[in-house]
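The next block holds one structure in the form of structure tokens; read it before the comments.
The values are calculated or read from the model by the stated rules, or taken from the named source; none is laboratory data. None of the values given here were measured: they were computed from a predicted structure. Cβ placement follows ideal geometry from the backbone for every residue including glycine, while neighbour counts extend to all protein chains displayed.
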Amino acid sequence: KHRILHKLLQNGNS
Amino acid sequence: LTQNVLKSYLETCAQRTEELQRRRWETFSSQEVCAYQRQSMAEMWQRCAGRLTEAIQQVVEFAKRLQGFMDLCQHDQIVLLKAGALEVVLVGMCRAFNADNRTVFFEGKYGGTELFRALGRAGDSGRGRGQAEGTASDEELLPGCHDLISSIFDFAQSLCALHCSDSEVAFLCALVLLNASRPWLQEQAKVAVLQGHLEVAFRLLLRRTQREELLARLPPAGRLRALCSQHLEQLQAFHRLHPGLLPAAFPPLYRELF
């Protein structure tokens with residue numbers, strides 16, 4: 001349901 | 001912790017405070033304001049949703065750097081961001097706000113509430129037609145939108161009056177985010193511990209800088225909540241006016257959050 005938020009949270013500190 | 005909060009905030013700010021201060025009198029010309037006002041309501045909504053989404057992406061990066069945030073379960077990280085992201089953007093807006101002429105930094109220059117007029121009604125071409133037909137010259141399609149914009153500006157103005165330092169704004173943002181009273185948290189106690197540590201560190205900072213009076217002067221949390229629900233109401237009203245608008249017109253993260 002929160003695909004984008006999941007993705008942003010899983011990416012390392014950018 | 002104080003260093004972590006400030007460092008996390010500064011690293012994830014799109015604009016440095018000194019830069020925003022230096023440019024605070026660089027306002028849009030009247031032609032530029034007219035160009036914004038002539039946009040259709042849908043165009044302006046998409047534009048603002050785009051800028052807001054960029055700001056929210058910065059909030060996510062801020063959260064990820066905050067001590068303890070990434071140790072929470074992902075469900076709670078999402079709950080806190082869903083509930084707090086827009087509130088954090090609204091708090092941070094005081095850095096990009098010139099209270100002396102009531103303008104905000106938007107797309108490279110400072111502009112007042114009139115810059116956002118198209119959000120609430122058809123552009124100027126629509127007004128011309130209305131006048132020719134003898135109807136009201138500025139018929140408002142989303143009248144509540146102007147209230148929302150003025151309320152957001154009023155909120156920024158009231159925060160600006162407190163003359164917060166970067167550290168203070170950073171703490172206010174961290175405390176908006178790590179709020180253990182958000183509904184649906186799975187590990188509320190864990191969030192409460194983080195919130196408690198932040199509160200202690202913030203109080204120590206305020207004591208050290210002789211700014212303890214700040215806490216009593218902060219706007220009540222209900223004011224931020226009210227702005228967020230006003231935003232949701234206007235978004236829903238906008239969707240009712242434009243039922244045919246493709247969902248893809250708004251950034252995916254904006255759609256996910258609102």
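What the table below lists for this structure:
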item: Spans of helices (runs of 4 or more DSSP H) in the stretch B:1-104 with at least 2 residues within 14 Å of chain A (Cβ to nearest Cβ) and either modelled with pLDDT of 95 or more or in contact with a Leu (Cβ under 7 Å, 6 or more places away or on another chain) (or both); result: B:2-11, B:41-65, B:74-92
item: Residues that are of a type in the set (A, V, I, L, M), surrounded by 12 or more Cβ atoms within 10 Å (Cβ to Cβ) and within 23 Å of B:Glu87 (Cα to Cα), drawn from the stretch B:203-222; result: B:Leu205, B:Leu206, B:Leu214, B:Leu218, B:Ala221
